[in-house]
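**Student:** Below are the structure tokens for one structure; questions will follow.
Read-outs: derived from the displayed coordinates by stated rules, not from any lab. Note that the coordinates shown come from a computational prediction; the quantities given were computed from them, not determined experimentally. With ideal geometry, Cβ positions are generated from the backbone for all residues, glycine too; neighbour counts draw on all protein chains shown.
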Amino acid sequence: MLKLMKYEFIHSYRTFLMSFAAFLIGCIIMPYVMDGFLSKLPFISVIFGLGFAVLLMGIAIALFVSIFMNFNRSVFEKPGYLTLTLPVSTTELIVAKVLTAVIWLIIAGIVLIAGFILMMIVTSFKMEALTVSSLMSAVTEIAGSFMYYMVHYPLDFIGNMIYILGNLFITVGSIYFALTLAHSKWVRKHQMVFAILGYLVLNLIIGWIALTVFGDYISSHTMFYGFYYIVFGLLLSGLTVYLIDHHIEIE
């Protein structure tokens, strides 16, 4: 299992690391772009501002597309013949792919948060509104608040973590299931279109069931929502294994 995950990381790390590096560099230079010599050229500043927003959306899209395309290429195209003949079970293969994708999504979330924090720090230093000592004090205070929250509200913290993991698992599980279903014997044409539409419809159905069961009170049912999404993610992963073993057609 660990070897499978290692190969998955090796296969996909370039795509993700390039996107993360571009985003973090953009976070550093953006304060200077928006308030430097380009500030006298509003049109160019607007372009750079839009470019930063596009970069942010681009990372989210890149993550989705990378997960989508990596799975499609490694299982249903020519490399799929090698992938599916590895001396491992289909279950192990799918579990490794799901866990790897979830880990990349977690790293992406950390990078996005770090990027915004970095941009605020650079902006504050540039405006001389922040010093090293005040930065360290702020970091200490934030860390203390976080530890206080974990210690005094452990159920809320655990519930939020389960909710986040549940969303990640359902995202990856629904992508893999939709793609696998699109390559089954029941779909002959426009497989990628079917996979994308299937993913969207599947998430709408899952969301509708969640609202029907739990209502609109997500804040008071985060743990239940999380377990609900984890269960659905595992179910979809299991169905993906079944379809691969019995009903897929590799190009």
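**Student:** Between VAL151 and TYR32, what is the spin-label point distance in nm, taking each point 7 Å from the Cα along the Cα→C-beta axis?
**Tutor:** Each label point lies 7 Å from its Cα, and together they span 4.1 nm.
**Student:** Enumerate the lysines that LYS97 could reach by cross-link, defined here as Cα to Cα under 27 Å, with residues fewer than 8 away along the same chain left out.
**Tutor:** LYS3, LYS6, LYS78, LYS185, LYS189
**Student:** Arranged from highest to lowest average of other beta-carbon atoms within 10 Å per residue, in what order do the peptides 192-201, 173-182, 139-148, 233-242 appear?
**Tutor:** So the order, starting with the most tightly packed, is 173-182, 233-242, 192-201, 139-148.
**Student:** Using θ = phi - 60° and the Karplus relation 6.51 cos²θ - 1.76 cosθ + 1.60, list the HN-Hα couplings for the stretch 196-208 in order, rounded to whole Hz, with x at every Gly or Pro.
**Tutor:** Running phi through 6.51 cos²θ - 1.76 cosθ + 1.60 with θ = phi - 60° gives 5, 5, x, 4, 5, 5, 4, 5, 5, 5, 4, x, 5 Hz.
**Student:** Could you give each residue of the stretch 96-113 its phi-based ³J(HN,Hα) in whole Hz, using Karplus coefficients 6.51, -1.76, 1.60 with θ = phi - 60°, and x for Gly or Pro?
**Tutor:** The phi angles translate into 4, 5, 5, 5, 5, 5, 4, 5, 4, 5, 5, 4, 4, x, 5, 5, 4, 5 Hz.
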